[in-house]
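Structure, as structure tokens:
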Ligand SMILES: Cc1ncc(COP(=O)(O)O)c(C=O)c1O
Ligand SMILES: [Zn+2]
């Protein structure tokens with residue numbers, strides 16, 4: 001018999017209706033597509049299992065956190081190993097910005113080079129449990145590339161909808177992984193809408209961000225793993241992450257809540273969600289003190305967090321508030337500067353959407369919210385190789401030389 005005693009079921013975030021774990025795959029039928037479900041665990045059952053599984057599991061990837069994942073404990077898992085990724089104590093960068101206790105979790109080093117592999121791992125495992133041979137997804141690019149990469153070795157077909165302006169590296173990744181790729185003539189929000197219609201019309205399993213409640217559960221492993229690396233007894237004071245749809249930060253909030261409820265960590269770190277000024281719908285709702293979402297067309301150059309209508313806003317807002325955290329916005333120029341600093345002082349190559357999180361650190365340091373004694377953990381959620389044009393805008397131009405004469409002119413004393 002399959003082992004699901006750790007799972008209680010799923011609860012709608014809007015109307016609180018409860019569903020059995022296998023009962024309702026995606027959103028709440030009473031609340032429609034915004035009725036995002038949240039997976040609930042039996043913490044009393046999980047408590048004695050958590051450390052035993054973590055330490056005893058043959059797999060060192062995120063499935064060592066199986067008692068906190070929405071899957072059968074004994075079910076099939078994807079072949080691809082997801083994590084652990086390095087947690088870099090960024091001493092040189094920390095010294096430069098006046099924060100000696102600064103750690104960067106470099107999730108650009110996951111198999112398809114973005115944090116989204118954590119969510120795709122769970123989606124693919126679930127598809128294997130259900131015997132599903134096709135998964136569809138809308139994405140700004142990374143979630144799709146991740147899904148396609150993890151589906152490839154399983155022989156599962158990935159059907160992908162991305163905005164036509166997605167960076168070429170992400171599209172090349174998708175095609176190389178053999179996905180069926182549709183470039184939608186419009187924005188990410190248009191791609192998302194089309195994926196919903198297509199999934200309904202053709203009966204496809206959807207891995208789209210937020211709408212599938214299992215994905216946040218995969219994303220929470222980012223924080224389960226980072227705090228494990230730091231030592232569960234000494235969590236950071238602040239955890240920074242970039243925010244678009246709000247799904248990653250919701251996942252991190254869930255992971256922190258799980259660890260706290262289990263008594264694994266002594267206190268909750270404050271979660272800080274960082275958005276680009278020109279794609280800041282969740283920030284605006286946070287500032288208003290409510291949960292009302294007012295869509296605004298985005299213009300930021302950080303494509304992965306360019307979202308008009310964030311799908312996971314309610315969960316994100318509640319997650320941030322539950323930790324006593326905050327939202328902050330940064331200009332694109334500050335994102336580029338953050339990318340330069342991450343590279344120059346920590347050797348971390350982040351795409352603009354990922355560097356945005358560190359721009360939030362700089363903003364809160366400048367505002368005086370962060371003091372030198374604060375322990376800060378920053379997620380870098382995507383590799384700079386994902387968007388080379390974006391990285392080049394941050395890094396500037398290299399110097400052209402024709403030979404030694406040019407170099408001698410540049411180094412006259414040598
Ligand atoms: C690199 C990167 N960072 C941050 C995000 C933001 O995640 P979310 O849309 O779940 O808020 C994304 C999402 O595409 C991403 O690809
Ligand atoms: Zn509902």
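Just so it is clear, none of the values below were taken in a lab; they were calculated from the coordinates. Please read all numbers here as calculations on a predicted model, not as lab measurements. Note that each Cβ is placed from the backbone with ideal geometry, even for glycine, and that neighbours are counted across all protein chains shown.
Tabulated data
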read-out	value
Relative contact order computed over the stretch 35-170 (Cα-Cα under 8 Å; 6+ residues apart), in percent	19 percent
Inter-label distance for residue 11 and residue 175, nm, one decimal - labels placed 7 Å from Cα along Cα-to-Cβ	4.7 nm
Theoretical ellipticity at 222 nm over the chain - DSSP helices of four or more residues, -39500 (n - 2.57) apiece, nearest 500	-12000 deg cm²/dmol
Gyration tensor (alpha-carbon) shape descriptor, the stretch 51-121, a/c threshold 1.5	prolate
Computed over the stretch 267-316: relative contact order in percent, which uses C-alpha pairs under 8 Å that are six or more apart	36 percent
Semi-axis lengths, Å, the stretch 371-414, gyration tensor of Cα atoms, sqrt of 5 times eigenvalues	36, 20, 7
Least to most buried among 151, 28 (fewest other Cβ within 10 Å first)	28, 151
Calculated FRET value between residue 165 and residue 318, using beta carbons and R₀ = 22 Å, to 0.05	0.10
Contour excess over end-to-end distance, with Cα ends at residue 197 and residue 22 and 0.36 nm allotted per residue	60.7 nm
Cα-based convex hull, the stretch 1-75, per residue volume (Å³, whole number)	97 Å³
Inter-part distance where the stretch 119-194 and the stretch 247-264 are each reduced to a Cα centre, Å	26 Å
Zone of residue 331's modelled label, taken as backbone nitrogen in the stretch 272-290 under 13 Å from a point 7 Å along Cα→Cβ	277-278
The stretch 114-212: relative contact order as a whole-number percent, Cα under 8 Å and 6+ apart	31 percent
Packing-based order for 112-125, 4-17, using average beta carbon neighbours within 10 Å, highest first	112-125, 4-17
Extension gain from residue 402 to residue 185, taking 0.36 nm per residue of separation minus the Cα-Cα distance	73.8 nm
Over the chain, volume per residue of the alpha carbon convex hull, in Å³	155 Å³
If the convex hull is drawn through the Cα atoms of the stretch 249-292, its volume per residue in Å³	86 Å³
Length added when fully stretched, residue 389-residue 292, from 0.36 nm per residue minus Cα-Cα	31.4 nm
Relative frequency of Cα-Cα separations exceeding 18 Å in the stretch 114-212, percent	36 percent
Antiparallel content of DSSP bridges confined to the chain, in %, to 5	30 percent
Relative exposure of 204, 103, judged by other C-beta atoms within 10 Å (fewest first)	204, 103
